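The values are calculated or read from the model by the stated rules, or taken from the named source; none is laboratory data. These figures come from a predicted structure and were not determined experimentally. All Cβ positions, glycine included, derive from the backbone under ideal geometry; neighbour counts span all protein chains shown. Areas reflect the complete protein model, heavy atoms only, side chains present, ligands, DNA and RNA absent. Shrake-Rupley method; radii C 1.70, N 1.55, O 1.52, S 1.80 Å.
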Amino acid sequence: MIVCAAVIGQANNPLYLETFQPGSDDDALKFHYIVHCSLDAVDEKVAMPKKSPADTADPYLGMLYPTEDYKVYGYISNTKMKFILVLDEPVAREDDMRMIFKRFHTAYVDAVSNPFYTGNTPITSPSFDASVRAIVSTPV
Amino acid sequence: MDFRNYITQEFTPVVMVVSSPQAEAACQQHNGLTVVDLLRPYGFFHHLSVPVRTVGDTAYRIKEFRLRFFASADMFQPSQEAADEYLKGVVSASATEHKAHEAQDVLQALKKDEVADSTPWFNGYRKEFVRTLAFGEHETFDHPIACLLVLHAQAEDPVADFGDLFKSAPLPPLMKAGLMEHKILKHYLLLHDDSLKLDGSYLKAEEKLRSVRASLGASSCHLARINSGSGDPACTLGYEGLWKAHIRGSIPGGGAGEPAERPPVPAAGLGARLTSADVDSISKFLEDFTVRALLPHLEGRVRGLNHQVTATRRGLRNQIKTLLWRKSSADSPAAPDYHTALSTLRLLSSDYKIDKAWRNYAGVQEMLGLTLFMTGGSMSEAEYSRQHGQFGEANYALMKAHFQEENLRAALLLEQAALYLLHISPPGIRKFAFHMVLAGLRFNACDQKQLGLSAYRQVLGVYAGRQWSFIEEHLHDVLGKQSREAGDLEAAVQHFMAMLPCAHSPEHWQAHYLRQFLEAVQQAQAAKGELAALELPLPSLNLDRMTIFFDDQVVHANAEALKYPEEHWRKLEAPFLPGSDASLSSWLDGASRNNLAALQCNTAVAGETLGVDLELANPLAVELQLAHLRLVYEHESGASGGSNAYVQVLEEALSLKAGARARVRLKLRPLRPGLLTLKGVEWLLNGHALGRRMFTVRKRTHRRSNSRLPKQRAANHILTFSVLPAMPRLDVALDDLPSRLLEGEMHRAPLLLRNTGAMPLQSIRMLISHPDVHCNPDNSDLGADAMACLAGERSRPASSSASESLEEPGLILKAGQQLYAWSPGMVLAPGQQLSWPLWLHPRTPGSLTFHCTWYYEPSGVVEGMKHRLLRLTQTIDVQAALRVTPSISICQDDLHRCLLRLDVENGQATSPIALRQLSCSGSWRVSSLSMEGPHGSADARQEDEAGGGTSLDPQVVVAPLTRLSLFFHLHPPSSATGDISAGASWIPLANQVVQYFKTQGRLTRQGVLMTRRSTGDLLASPPPAPLGWGADLMLAWELREQQAGAAARPARLGINHLYNCKMQEAVPVRMMVHGESVVRHGFANDGMCLVRLVLCLRNCLDQPASVCVEAGAGPGSSTLDSTGSWCAAPGSSALPAHASLPAIPLGTPGVPAGMLATLGSTGQPDSGAGPLALPATPDYVWCGRTRANIPQLEAGQTSQVELQVAVFGAGTYELTGVGVSWTYPDLDNLHATKLGPPFLVTVEEAA
């Protein structure tokens, strides 16, 4: 189950970070930490040299790093927007994760297509939040 | 510092100096320098050329050479505690010196690609740290290779004294322990002190030198002369910097090469009594010493050692020799030596490893590393990596290193590690931040607050504004607390302030942060007095949604008026300002307007309030108290701050509940003319913290200037005002204006105009935009209630003394606008007010929006403003009330009267409506059905004044949401007049207000756009009522509200005007048949009964007609539809109930008109007789004169034609078949034929 979803901007600033675990207040801090740490992993993955020149970069980064309790997955758009999902159990199939990220990305694109949204500011749109929640509650 | 340089500088041979107390005293007393200090600056030789041959056969030349001098007494390692203590001091001193708290902005530096290693304290630390490690147990690096013995030249027996000196000298630990052979190179120096001023003492000294040389060897003894100067500050050499550079800090307890205490510095500075001759003698001595004694000695040693090593290949004690050997080779810049050293060291290391002498092994490894570095080999030492740009590895090495270190060292290492991360490509900013935070924590733990702050600040630079809220919160928290401890209260306040917008934190944290911040503010205030205003993030202000309200030439009386664009008002105000019509503006006007816009300056009037609407929000879950919320301004005179002689500031106070949002209007009143700029807002948060937010002046974008946005909107963002001197100002109050009115209601609202300005005003003019709103020409009837006003028209005297009247009663402009002007002589002094009744009469349900605008002029001359305008917009909901549909039909039993039917529907859901008056204006008259005659009775009256008309009271109450129909008689104009008693509750038709609305209603209904016709004209000449013109009706009603206390309110009165009610079908010639309805005839005697009928004809048009009457046209006639019906059964009982006959119930005396109103019935009562479904069998025959011709029937005239019908049996007959045709020769030969009305006759058998 997805317990945390985050959108991180180009300057590695969080635009959206929501936790979906019915739990205590510490959660927010904990997931802030996890997501923040995962950015290093994202950087590493992005910096990895391509296998061949014709290789197109896959936006899906796969599992960034596992912690004791959580697995962190990442996805990076062409505009270097990072999407991070924290799961409390590993997914059975990578393709599922890929699909979830695709939906997440689409939801983000919808949100920032709002002409009243200013780029690189926290996303406060309730409809984006709702669509993320929908993605989280029905993972596959 | 380049590491290679570092090695060649630091890892140099050491010379132990043993000096006699006399020699020391001579040196220290006058110069503040120990003997060692004296020698050190000259221990560097760079112009040597000494050939050296160590291993192998090739010789090489040493060109540079360094020596280090240490006093033998100080050659021991200080205690760990003392060293740490000392290092702490070094670091804090360095931090203070380099202003560590001014941290660099890492991100900025990264962008510019110039990340500076801005950690001078680290270099200082490292230098000193290495020094404290010197003379360690396994450390042979600082072991002396030579010993310099110094005696005062006055010593009695120098040779013996030199021997004693060496024996009594405190030896370095390794020598003490016996690890090092005592036999080292010795050199002897005699110091001659010139300051003693003894005659011939120098000669004596030279003599002593000779004797010493004789016994100790010529090359190893020297004489140096010092203190030949006068000690006068004016004649010093100025070498103070030179001496100082070689003096290092003293560690308490001494050691590490420095004495525990330094001699006092003489007044003239260090080396006060040294002359250049002295200095030259010292340097010459040292050069001699090095070239003649030291280097050859070293060369021999190295060779010997090498031989030994290669011979024995192992042996624990070899270590020292090897190190000595290495030393010399390290000094030589030639590569082959390093290689030789390397191989020897490798050999050694393996020996140590086998011997498990770990410490020694480590030492050898260290040296191995150094040697490798010099030879360009590879190794993973941090420093080395840094030099080679392998910062990642350096970071790793340092990170590994820091774990077991004490706080300060760990912190320094972490800091370095963090900085290395910046050099990695791409820079590891986040890791850098993390390391820095760790370093900051360690710094704080070891009391290096400044460095801790610096570390945190650098991290803050990385995260500030990135919305990592928890991280920022932590950083600010630590920084704030540390700043507070460090006494930098202002910085603490800044940091605590940055923590305030913490909506993500739980409530108790928010409260805590707020409290913490306020405490810091209080402390800062206590320490420094009043604090400058802070850019407080609480409450959050939305400056984008800021609107400025001000009154310049135009005053908006309410917010609704502001919603309408300037163009709208300009159009309305065009009649006041003939020159300013938008359509008439020329390019000259445009230019001036642009200039004004370029000035970016609004106009305001002294003494009047400016306002800024601001939106405040409390993002926290804690209540916020805002006091002294006010505008910050700057006046031309320089005045600013609170209220003063120039500006009066109105302060607000409010409390914002958790998550609350409020819109506040902040006001300010300029009192004197000048330029005034609004700068921002200021407030006092929770009683302590003074917050301030400046307005940002936005440039007007091109798009805005030509966009559809009203000009007013743009002006609302200009913050500069040109304040004009005091002006009159008209304020309007529409007190009694309800938000809801009924359709057709007549409502009077008192209009209160008041001069609130500082000057008298005059020439008031008013314009009302909507025809449903009207102003009385005078204000005399303000006191009475609406009904009395409407009804009292006739009884009121023409003009009462107290009332004022308009100069012009009201010009009606296009689109129903009305212009009123008060007498120009009427002056409204400041504070004076003017009441005027405003009548509202909404006529369509929905909403009524009307605009009023006033024009007035100051009675004196005011620079900059000739007139002012006041604008007001009101919107009123209009509810459906009474819907009246009239229909008029011909009255069957009279040639003149008509039958008026009113279908009345009450649209109100709760309140019944009482109909109180039906009036018919003009020459038509109305009467109730109960009235027999046309001239009315007690409750109807005839208007005899201008316009005329009749009124009556239908006395009907329409229940909520019901419909009913009323029937009345309507009399055409020609009838005579009658007298009617006047009642107080009648609304006279001639009432000016009623008349106005009636006229306006007609105009709007007809869609007539009339241009500039005064209402007076309309009133004076009511339109003539030709015969063809319908009747204008007015139905007045009253809403009977059923709520309790309704009595307290005046009744709500309404009027519906019905215009031009005409007959549904216009009949030019009306006809009616008279005759006896029951005829008795003895059929037994006479088989035929003759019934006489009279057909009355009336010409209703205003032209003469010729009429032809023809009775009894046969059934075959195409034009006449003779459908005479026959009813078989004599007596009315046979008649079907539904076949109510025409005209029978109507007009029957004794039936009150109200009875006829059938509640809820929507259908029209059967007025036409339903023909019975029997075959038409004419049982009667028209006889006698069946055709009559009336050649000329004058307009409005009546004529009668007698007709006869023969009936042959008893029964009831409907007599039809009279055809009437007419021709109007003057009306284009208008011709028509119509069947006459049927007539019912009952013929009974006479007894």
- Using the Karplus curve 6.51 cos²θ - 1.76 cosθ + 1.60 with θ = phi - 60°, work out ³J(HN,Hα) for each residue of the stretch B:859-868 in order, rounded to whole Hz, and write x for Gly and Pro. 6, x, 8, 10, 5, x, 8, 9, 8, 9
- Sequence-distant or interchain residues sharing an amide H contact under 5 Å with B:SER859, placed H: which? B:LEU761, B:GLN762
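Quick one: ranking B:HIS969, B:HIS1081, B:HIS628 by accessible area, 1.4 Å probe, largest first, what do you get?
Numbers: B:HIS969 5, B:HIS1081 30, B:HIS628 95 Å².
Putting B:HIS969, B:HIS1081, B:HIS628 in descending order of accessible area: B:HIS628, B:HIS1081, B:HIS969.
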- Message: Under the rule of at least 5 residues apart or a separate chain, name every residue whose amide H is placed under 5 Å from the amide H of B:HIS770.
- Response: B:GLN818, B:HIS851
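When Lys and Arg each count +1 and Asp and Glu each count -1, what net charge do the other residues less than 10 Å away from B:THR609, Cβ to Cβ, add up to? Walk me through the numbers before you get to the answer.
Details: positive: B:ARG665, B:LYS667, B:ARG669; negative: B:ASP551, B:GLU608.
Here the count lands on +1.
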- Enter the accessible area of B:ARG213 (Å², nearest 10), with the probe set to 1.4 Å and all protein chains included. 90
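Could you pull out the pairs from A:LYS51/A:LYS102; B:LYS528/B:LYS667; A:LYS71/B:LYS449 whose alpha carbons sit more than 28 Å apart here?
Working: A:LYS51/A:LYS102 24 Å; B:LYS528/B:LYS667 31 Å; A:LYS71/B:LYS449 39 Å.
The answer is B:LYS528/B:LYS667; A:LYS71/B:LYS449.
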- Message: Output wanted: per-residue J couplings in Hz (rounded whole) for the stretch B:750-766, from phi through Karplus 6.51 cos²θ - 1.76 cosθ + 1.60, θ = phi - 60°, x for Gly and Pro.
- Response: x, 9, 10, 9, 9, 8, 9, x, 9, 10, x, 10, 8, 6, 7, 10, 9
- Taking only the alpha-carbon atoms of the stretch A:2-137, what semi-axes of the equivalent ellipsoid follow from 5 times the gyration tensor eigenvalues under a square root, in whole Å, largest first? 22, 19, 14
- Counting only C-alpha contacts under 8 Å and six or more residues apart, can you give the relative contact order of chain A as a whole percent? 27
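Counting partner chain Cβ atoms within 10 Å of every residue's Cβ in A:27-39, what's the average? Please report the intermediate quantities before stating the final value.
Working: counts 0, 5, 7, 1, 1, 5, 3, 0, 1, 7, 2, 0, 2.
Average neighbour count from other chains, rounded to a whole number: 3.
What does the net charge come to around A:ASP40 if you take all other residues with beta carbon closer than 14 Å to its beta carbon, with K and R at +1 and D and E at -1? Don't jump to the answer; show the numbers that get you there.
Working: positive: A:LYS45, A:LYS82, B:ARG430, B:LYS431; negative: A:ASP43, A:GLU44.
Net charge around A:ASP40: +2.
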- Using the per-residue mean of other Cβ atoms lying within 10 Å as a proxy for protection, in what order, highest first, do the peptides B:1073-1079, B:473-479, B:855-861 fall? B:473-479, B:855-861, B:1073-1079
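At 1.4 Å probe size, put B:ARG748, B:ARG1185 in order of accessible surface, largest to smallest. Let's see the in-between values first.
Numbers: B:ARG748 35, B:ARG1185 150 Å².
Most to least solvent-accessible, the answer reads B:ARG1185, B:ARG748.
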- Which order do B:ARG740, A:ARG103, B:ARG457 take when ranked by solvent-accessible area (1.4 Å probe, heavy atoms of all protein chains), largest first? B:ARG740, A:ARG103, B:ARG457
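Is the C-alpha gyration tensor of the stretch B:832-935 telling us rounded, prolate or oblate? Criteria: a/c under 1.5 is rounded; beyond that, a/b larger than b/c is prolate, otherwise oblate.
Working: a/c = 3.99, a/b = 2.44, b/c = 1.64.
Prolate is the answer for the stretch B:832-935, as a/c is 1.5 or above and a/b outweighs b/c.
Show that you can apply the helix-only estimate: for chain A, add -39,500 (n - 2.57) for every DSSP H stretch of four or more residues, divide by all residues, and state [θ] at 222 nm to the nearest 500. Display every interim value, and only then the final one.
Details: 3 runs with 53 residues, N = 140.
After summing the helix terms and dividing by the residues of chain A, the value is -13000 deg cm²/dmol.
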